[in-house]
1. Pairs to check: Lys29/Lys74; Lys109/Lys256; Lys112/Lys256; Lys206/Lys230; Lys92/Lys229. Give those whose C-alpha atoms are more than 19 Å from each other in this structure.
2. At 7 Å along the Cα-to-beta-carbon direction for both Lys109 and Asp28, put a label point, then send me their distance in nm to one decimal.
3. Against the longest principal axis of the chain, how steep is helix 62-76, in degrees 0 to 90 to the nearest 10, with axes from Cα atoms?
4. Using helices alone, what [θ] at 222 nm do you get for the chain, with -39,500 (n - 2.57) per DSSP H run of 4 or more residues, divided over all residues and rounded to the nearest 500?
5. For region 3-256, what relative contact order do you get, as a whole percent, if you take Cα pairs closer than 8 Å and at least 6 residues apart?
6. Restricted to Cα positions, what overall size does region 3-256 have along the principal axes? Three whole-Å values, descending.
7. I'd like to compare 146-152, 174-180: which one has the highest average count of other Cβ atoms within 10 Å, and what's the full order after that?
8. What is the sum of charges, Lys and Arg at +1 and Asp and Glu at -1, for the other residues whose Cβ falls under 9 Å from the Cβ of Arg46?
Amino acid sequence: MSKQYHNIPCPNIEDESEAEPFSLIMTDKVRRNLVFDRWRNSIFDRKELGPGMVLFKNYLTHMGQVDIVNICQKWAMGPGGFYHPSNRNGAKLRLHMMCFGRLWDPVTKYEKSYRSDGSAPPPLPYEFISLAENAIQDAQVHGLPSTLPDICVANLYSIYDRLGLHQDCDEHVGGLDRGLPVVSISIGNSAEFLYGHTRDENTLEKVLLESGDVLIFGGKSRLIFHGVKKILSDSGPSQLFQETLLKGGRLNLTLKHH
Ligand SMILES: O=C(O)CCC(=O)C(=O)O
Ligand SMILES: [Fe+2]
């Protein structure tokens with residue numbers, strides 16, 4: 001029996017490949033990688049901070065950083081946008097926050113799909129997924145599993161803000177046990193970032209996270225204690241602030257699989 005295309009019988013097909021469906025536009029994967037080429041610097045430094053913990057210095061291009069600020073700004077003021085979260089005791093955190101992909105909040109954790117005002121988080125931009133996927137691949141740490149994030153928590157810090165020492169431990173136990181990595185992106189002013197395997201102040205290490213840096217912590221460091229001690233004023237790239245009009249602080253994206 002002859003084949004049919006668009007319900008029109010096509011007798012005598014000589015070359016099967018000519019009849020294969022062919023898309024006019026790029027596949028999702030190619031599209032993701034294309035965006036990523038625009039976002040990743042061809043040269044960046046790598047610092048091993050611990051087992052499963054890698055810091056890429058100057059990983060993101062200027063264009064990538066501008067794109068990220070603009071993507072966040074697109075959703076910032078709408079439903080599900082930035083708000084001023086509280087902790088369990090009712091005290092306000094010293095930062096503003098919003099989520100992409102799914103909801104996480106310091107009090108309700110992952111329990112709710114909607115915020116108290118009824119809003120849901122905007123979708124996780126595919127560029128963010130691509131960034132996390134590629135950064136984990138670049139880390140090439142032995143035994144660090146690859147993962148596709150389904151949540152991004154965006155924090156906006158003024159120069160007076162900070163974040164106390166904590167663990168990112170609300171995700172599924174299975175993923176935590178496997179050490180599925182967290183990818184953390186820094187944009188704007190620099191942050192003094194503290195981290196350590198215990199809460200003990202004396203054992204904490206300090207590292208500067210600058211605009212364009214990407215920090216990965218997974219594997220044995222997945223449950224590392226960490227926090228932001230200080231934002232350094234006027235320490236970010238002036239061109240970024242001029243182009244994006246980002247309000248003087250620091251933007252951090254934390255991507256992970258819930
Ligand atoms: O801003 C940062 O560098 C860290 C953010 C963080 O640890 C978090 O949101 O859980
Ligand atoms: Fe964290």
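Every number in this text was worked out from the coordinates using simple rules, so none of it is lab data. Please read all numbers here as calculations on a predicted model, not as lab measurements. Please note: Cβ atoms are built from the backbone with ideal geometry, for glycine as well, and neighbour counts cover all protein chains shown.
1. On the way: Lys29/Lys74 24 Å; Lys109/Lys256 14 Å; Lys112/Lys256 17 Å; Lys206/Lys230 11 Å; Lys92/Lys229 17 Å.
Table pairs above 19 Å Cα-Cα are Lys29/Lys74.
2. Spacing of the two 7 Å Cα→Cβ label points: 2.9 nm.
3. Roughly 80 degrees, rounded to the nearest 10.
4. On the way: 5 runs with 54 residues, N = 258.
Using -39500 (n - 2.57) per qualifying helix, the result is -6500 deg cm²/dmol.
5. Values: 508 pairs, mean separation 55.6, N = 254.
Relative contact order comes out at 22 percent.
6. The Cα atoms of region 3-256 stretch 79, 43, 42 Å along their principal axes.
7. So the order, starting with the most tightly packed, is 146-152, 174-180.
8. Working: positive: Lys47, Lys57; negative: Asp45, Glu48, Asp138.
With Lys, Arg at +1 and Asp, Glu at -1, the net is -1.
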